[in-house]
């Protein structure tokens, strides 16, 4: 048997799935980051995918959009909804069940 360590897993999967990107955005907002550009930086994404995914998450009820007033450039803020928190809790529980740091893989 061959054991894969976490460094090898990172090399094997350099691109993140749509699910991973979505969870990353939700986790950023749950952590208190509410400005679109800051969410983008925290999630390590480019602007267009971030903008599209934020809009989709608002439409699906995982995030709420808060329009502020003021002279600042970005007045839009985001907050996580109960539905979004439930999704993160569900996947957090799943991650606890799966140990991704070391697992046995049969050798061929």
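Counting only residues that are crowded, with 17+ Cβ neighbours inside 10 Å and either touching a residue at least 60 places away in the same chain (Cβ under 8 Å) or not in a helix (DSSP H, G or I) (or both), the range 36-57 holds 1 of them. Count of the range 59-95 residues, restricted to those that are closer than 17 Å to residue 31 by Cα and in a helix (DSSP H, G or I), is 11. Of all residues in the range 58-82, exactly one satisfies the criterion of being loosely packed, with under 11 Cβ neighbours inside 10 Å and on the phi > 0 side of the Ramachandran plot, namely 70.
All of the numbers you see were taken from the coordinates with simple rules; none came from a lab. Every value quoted in this text rests on a predicted model; they were computed, and no experiment measured them. Glycine also receives a Cβ, built like all others from the backbone with ideal geometry; neighbour counts cover every protein chain displayed.
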